[in-house]
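First the structure, in the form of structure tokens, and then the observations on it.
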Amino acid sequence: MSVLDSDTGTAAVIGDKLRGRVAFVTGGTRGIGAAICTSLASQGATVAAGYGGNTERAKQFAADFAEQFGSEPSLHRGNVASAEDCRRTLAEVVGTHGRVDILVNNAGITSDRTVAKMTDEDWYRVLAVNLSGAFFMSQSALAHMVEQGNGRIINVSSVIGETGNIGQANYAASKSGLFGLTKTLAKEAAYMLAKAGRNTPDGTGLTVNTVTPGFIATEMVESIPERVLDSITAQIPLGRLGEPSEIARVVHFLAADACGYITGQVWGVNGGLDM
């Protein structure tokens, strides 16, 4: 059985929970996304990683991935804020690998300002990437998954979507929006599968769930001033930041065939911050 080393996030042993599955992870070449790609691969999945503009960073991720697993992931460059790019990259994954079984909508950005100072562009851009991108990627993936008779869509939200945060009205709204999107997609996915006659009792199903990280030790958190971060950490019952690998493990759990009876759910991974 495969495990990830909690300190390094590297794959220690190759498992088989996801063998034969193809996973597409948006924002998959850095931070939580890179950890998710590694975790899915550790369970035997074939990985496709989406990325935005940093080609060198993506190539370095692919090289590091190949060193661990013996082959590179396919890389797919696009802007998830663009509906056209969402459809194109999803089609690229299907064209490259013949199918898509797991979609992880992980790509996300921040553009922090108080409501009084937030520009139109700050608002629209964050909503476009974090929420609209997840919608258009999921819309594209659903047709393929229904045809296959199974699939997993996993959205990566944030505890800020539950609690709100000063200076992050756009980010909080986008991440909160993923909760409603998840539940609606979960209901429609089940309906579409049943209508297609593919919702068999012994099937793995087509499920949609959300993972909601708290404050995780990534580059995004590094931009927070130390005194502010100390104050945040003091509010977390477990007394520390989370690791990307801890989010990734929940994603690969939800992606497994054995989790076919879990759908429309929000999984908090935040050290108890939302209690």
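Some points to look at:
- Residue match in segment 150-158 (condition: in contact (Cβ under 8 Å) with a residue 12 or more places away in the chain, touching a Pro at 6+ places or on another chain (Cβ under 9 Å) and not small (Gly, Ala, Ser)): yes
- Single residue of Val126, Val115, Val80 found to be within 30 Å of Tyr261 (Cβ to Cβ) and at pLDDT 95 or above: Val80
- The set of residues in segment 180-224 being in a strand (DSSP E or B) and either over 16 Å from Gly108 (Cβ atoms) or not polar (S, T, N, Q) (or both) consists of Leu206, Thr207, Val208, Asn209, Val211, Pro213, Ile216.
- When we screen Thr212, Thr207, Thr184, Thr233 for residues that are of a type in the set (Val, Ile, Thr), surrounded by fewer than 17 Cβ atoms within 10 Å (Cβ to Cβ), at pLDDT 95 or above and out of contact with any helix residue (DSSP H, G or I) (no Cβ under 6 Å at 6 or more places or on another chain), the only hit is Thr184.
- Considering (1) over 15 Å from Leu178 (Cβ atoms); (2) modelled with pLDDT of 95 or more, the lone condition that Val266 does not fulfil carries the number (1).
The values are calculated or read from the model by the stated rules, or taken from the named source; none is laboratory data. The shown structure was predicted, so the numbers you read here are calculated from the model rather than taken from an experiment. Note that we place each Cβ from the backbone using ideal geometry, even for glycine, and neighbour counts take in every protein chain shown.
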